[in-house]
Amino acid sequence: MTSKRTSERASLALRVLAAWTAVGLLLTAQSYFSGHLRGDGAPVAQAIRVWLVWAYTWALLTPAALALYRRFRGHRLAWLVHPCAAPVFALSNLAIFAFVAPALGAQSTVPTWLGTLRNLVGSAFVVNVPLYLLVVGIAHWREVAHAARERATRELALERQLAEARLAMLRAQLQPHFLFNALNTVAVLMRENVDDAERVLLSLASLLRNVLQSSEATFSPLAQECAFAQTYLSVEKARFGDRLEWRFDIEPGAVDAWVPSLILQPLVENSVRHAVSAKLAPTRIVVSAVRRGERLHLAVRDDGPGLGPPRDAGVGPANTRARLELLYPDQHVFSVADAPGAGVEVRMAIPYHDAHDDPHAGGR
């Protein structure tokens, strides 16, 4: 902590010195050119000496001005303290400068310090008074800007925490929803075929283990998501038999993509609930993925009855839409619509990332 404070003080001292050096050089240039236009200009070396010493005198006084500002920052008497302090600091600058002004060849100097000070007060006091107020004003502006940056940083951190909390809530919403439907399948099979029910329970245990392992993961490989969805479909296959068919069309360029965890299973489950359950004829679910440049396009399609009443988008698509809005604000496409011919198609396009990228780069 001590070394950090020392470093901060050294940095402030350097900034103060650099700022007053710039002021001194600026006034040197102004004094030199205006003097030569009048025909009575001093040599440039002399002008540099005079104005830099004057500026460095203010640099010596600046820490005291900043300390006074911090002492009365937010105080109800600050409006009175600083106007009173301004002439005191201006006089202090001229008093210090009066000691060295004769040796520098400055104008308005006489052999005595008091005489030089009197002349400097008469020629430069009014100009020096606002400089204290300028120092205090810059200090106030810096603090306001710093507070604004900190507030913006806190707001961004809070937004991220809220978004992560919503994502956790949405992921948690999927798990009991999935578990309820899977257990319902087992309950049906227990009345029909105990051996099949046992086999499904083992598959369900594997699914739940994967769900628990990925419950804290925001992203996972697309291949893993496809395997998880297919295992879920195999569980449902035990219930629906030949009424359920599926196909996964994953292009080679999309295999390595990292996608939001549990992105496919809720959509597949939605098709099972609303499409397969609604018809006695076989229903096919097709999952596809393709990479197009820096975008990954995913789709889940079924050939069920479509979106007409009583079917709506369902929990899975609504949950997925909400998660994509949090992960990829303004950088994703998501749609649920009747598929050409028959059924429903869920489409989404998200930024493409693989294991070597930071998936969050395309999101918040």
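The values are calculated or read from the model by the stated rules, or taken from the named source; none is laboratory data. Just so we're clear, the structure is a prediction, and the values are computed from it rather than from any experiment. As a convention, Cβ positions derive from the backbone with ideal geometry for all residues, glycine included, and neighbour counts pool all protein chains shown.
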Pull out all pairs, ordered by first then second residue, where Cβ-Cβ is under 6 Å, the residues are six or more apart or on different chains, the first lies in region 49-76 and is assigned by TED's automatic domain parsing to the domain that holds residue 19 and under 16 Å from residue 22 (Cα atoms), and the second is exposed (fewer than 13 other Cβ atoms within 10 Å of the Cβ) and at pLDDT 90 or above. none
Exactly one of 167, 233, 158 is under 20 Å from residue 319 (Cα atoms) and modelled with pLDDT under 70, and that one is 167
I need a count of the residues in region 204-230 that are at pLDDT below 85 and in a helix (DSSP H, G or I). 10
Given 32, 56, which one is aromatic (Phe, Trp, Tyr), at pLDDT below 90 and over 17 Å from residue 108 (Cβ atoms)? 32
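Of all residues in region 60-109, which are under 38 Å from the mean Cα position of the chain (by Cα) and assigned to a helix (DSSP H, G or I)?
62, 63, 64, 65, 66, 67, 68, 69, 70, 71, 78, 79, listed by residue number.
Of 325, 345, which residue is of a type outside the set (A, V, I, L, M, F, W, C) and modelled with pLDDT of 90 or more? So that I can check it myself, show each step before the final result.
Values: 325 fails: modelled with pLDDT of 90 or more.
Exactly one residue qualifies, and that residue is 345.
Look through region 318-356, keep the residues that are in a strand (DSSP E or B) and in contact with a helix residue (DSSP H, G or I) (Cβ under 8 Å, 6 or more places away or on another chain), and return whichever of them is surrounded by the most Cβ atoms within 10 Å (Cβ to Cβ). Let's see the steps before the verdict.
To start, the set of residues in region 318-356 that are in a strand (DSSP E or B) comprises 333-338, 344-351.
Add one more test, that the residue is in contact with a helix residue (DSSP H, G or I) (Cβ under 8 Å, 6 or more places away or on another chain), and what stays is 334, 336, 344, 346, 348, 350-351.
Details: 334: 18, 336: 21, 344: 25, 346: 27, 348: 23, 350: 23, 351: 17.
Out of the qualifying residues, it is 346.
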Under 18 Å from residue 343 (Cα atoms), buried (at least 21 other Cβ atoms within 10 Å of the Cβ) and in the same structural domain as residue 357 (by TED's automatic domain parsing), is that true of residue 235? no
If you scan region 335-357, which residues turn out to be under 14 Å from residue 270 (Cβ atoms), touching a Pro at 6+ places or on another chain (Cβ under 8 Å) and of a type outside the set (A, V, I, L, M)? 343
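Test residue 65 against the stated conditions and say whether it is closer than 22 Å to residue 141 by Cα and modelled with pLDDT of 90 or more.
Yes, satisfied.
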Within region 33-53, is even one residue among the hydroxyl-bearing types (Ser, Thr, Tyr) and touching a helix residue (DSSP H, G or I) at 6+ places or on another chain (Cβ under 6 Å)? no
From (1) small (Gly, Ala, Ser); (2) at pLDDT below 85; (3) within 35 Å of the chain's Cα centre (by Cα), pick out the condition that doesn't hold for residue 306. (3)
Consider only pairs whose beta carbons are under 7 Å apart and that are at least six residues apart or on different chains; among these, list those whose first residue lies in region 273-296 and is touching a residue at least 40 places away in the same chain (Cβ under 8 Å) and surrounded by 14 or more Cβ atoms within 10 Å (Cβ to Cβ) and whose second residue is assigned to a strand (DSSP E or B) and among the aromatic types (Phe, Trp, Tyr). 285/246; 287/248
